[in-house]
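Structure record follows, encoded as structure tokens.
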Amino acid sequence: MKLAKLMLGGAVLLTAVSGAYAEDKMLHMIQCGDNTWGGDFAEAHMAEWETANPGYKINLEYVPWGQCQDKATTLASAGNPPALAYMGSRTLKQLSSNGLIVSLDYTDEEKATYAAPVLGTVTADGKIWGAPRAFSTKALYWNKDLFKAAGLDPEAGPKTWDEMYNAAAAIKEKTDADGFGIAAASFDNTMHQFMNYVYTNGGEVINSDGEIVFNSPNNVEALEFYGKMATVAQPGPVAYDRAKLTPLMVEGRIGMYIDGPWARARLADINFGVTGVPAGPKGGAGTLLITDSLAVFANSGVEAQAVDLAKFLTNPENQFAFEQAAGLTPLRNVAGVADMVAEDPTWSAFLDTIPTGGPEPFVTDYIGLQDVINEAIQAVILGEATAADAVAEAAEALEEYK
């Protein structure tokens, strides 16, 4: 009898425990990559959120890069959305226009923790559509030894387009290296590279009112200069995306190129300097600001909790810990940023131009936009069109994607 009661008691306890778990609502979260990329911090923060939100559990799914964003979109389109997912911010306008994600409300105090251009990477129609999670800016790297060999000051990186071109021309003429590394392949970072020139020359692709403003004197000048830099760059630039330029820099085959802060580790074996992207004649300091975000999907049944989780993971303290672990540019100017710069002054080149940087163009068909701008770049580099004609044609085509 005692054994029967004990067994019965165990069954009741098991039923109660099972019932408690059955009552937990699951938040399916899709994360790109694996937990080696800041994952330990992210998972610790998720555990904290679960403790503070009894009755809710996070079902974290790591999906390989190149598949994760498509999986989240496919699930949402099929009516089985994740609660939230890691997405390139460039996708948010298209997702929102199709009703697949919900906007996030931020207080004025929360907004003030970001530089305004950062929130610009996730804002459309006056609403914020994602919690910025990963952030990158760009700067110019130069090989000090090649500068010296070309008769240039190895400690003074170029500050203007003219200085950059003249330095590249000198390296190409006076050394065995090419002066510059330029991306012109049919790939997303070709457009990204070009946008650095757009923003340092006071240009835009689409303005805050949603109007295509690509056909401007600023952008014609930027594309002309991009083509000019190709004349002192590595041969066959249409075969190169940005990643393929790094080995050229490591091998001393190019004197300069534009890249993100991650390149510092890859260039550790050469004598290099870093400065902000040089300014065009119609502009000033600037950079392309790229964010990836945590997007909250509609119709999951746990939208409010997913918004709360996204904001918790990306609050100033948790976000900075994640950035430090992942080696990312900080999204906010928190106290630890000054310590980063003191330890490694090259961070300044990636941080100082954030307030004057510009976002990836926010449109409803990002791939279409990318292809149009890349085709304009290639047409100029290959001598198939003038910059003015290429920009005008691209601006007309971009109307379809705004």
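See the values below:
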read-out	value
Matching residues, the range 163-175, being of a type in the set (V, I, T) and buried (at least 24 other Cβ atoms within 10 Å of the Cβ)	I171
Failed condition for M26, given (1) at pLDDT 75 or above; (2) assigned to a helix (DSSP H, G or I)	(2)
Only one of T123, T160, T113 that is open to solvent by 20 Å² or more (accessible area, probe 1.4 Å) and over 23 Å from K311 (Cβ atoms)	T160
Residue count, the range 283-301 (criterion: open to solvent by 20 Å² or more (accessible area, probe 1.4 Å) and of a type in the set (S, T, Y))	1
Qualifying residue in the range 298-314 (condition: out of contact with any Gly (no Cβ under 8 Å at 6 or more places or on another chain) and without any contact (Cβ under 8 Å) to a residue 12 or more places away in the chain)	yes
Which listed residue is within 21 Å of L289 (Cβ to Cβ), touching a residue at least 60 places away in the same chain (Cβ under 8 Å), of a type outside the set (A, V, I, L, M, F, W, C) and open to solvent by 10 Å² or more (accessible area, probe 1.4 Å), from D241, D209, D178, D188	D188
Within the range 212-231, tally of residues that are under 17 Å from E396 (Cα atoms) and open to solvent by less than 40 Å² (accessible area, probe 1.4 Å)	7
Restricting the range 302-327 to residues that are small (G, A, S) and modelled with pLDDT of 95 or more, the residue that is most open to solvent (accessible area, probe 1.4 Å)	A304
Residue list for the range 368-402, filter: more than 19 Å from F225 (Cβ to Cβ), open to solvent by 50 Å² or more (accessible area, probe 1.4 Å) and either small (G, A, S) or not in a helix (DSSP H, G or I) (or both)	K402
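Residues are listed down the side, and each one gets a yes or a no for (1) open to solvent by 50 Å² or more (accessible area, probe 1.4 Å); (2) modelled with pLDDT of 80 or more:
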site: M7; (1), (2): yes, no
site: A78; (1), (2): yes, yes
site: A83; (1), (2): no, yes
site: Q94; (1), (2): yes, yes
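Residues are listed down the side, and each one gets a yes or a no for (1) of a type outside the set (F, W, Y); (2) under 16 Å from F312 (Cα atoms); (3) open to solvent by less than 60 Å² (accessible area, probe 1.4 Å):
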{"site": "K25", "(1), (2), (3)": "yes, no, no"}
{"site": "G38", "(1), (2), (3)": "yes, yes, yes"}
{"site": "A44", "(1), (2), (3)": "yes, yes, yes"}
{"site": "A47", "(1), (2), (3)": "yes, yes, yes"}
{"site": "P54", "(1), (2), (3)": "yes, yes, no"}
{"site": "P64", "(1), (2), (3)": "yes, no, no"}
{"site": "Q67", "(1), (2), (3)": "yes, no, no"}
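The values are calculated or read from the model by the stated rules, or taken from the named source; none is laboratory data. Computed from a predicted model, the values in this text were never measured in an experiment. In this analysis, Cβ positions are derived from the backbone assuming ideal geometry, glycine residues included, and neighbour counts consider all displayed protein chains. Quick note on the areas: whole protein, heavy atoms, side chains included, nothing else; ligands and nucleic acids left out. Shrake-Rupley method; radii C 1.70, N 1.55, O 1.52, S 1.80 Å.
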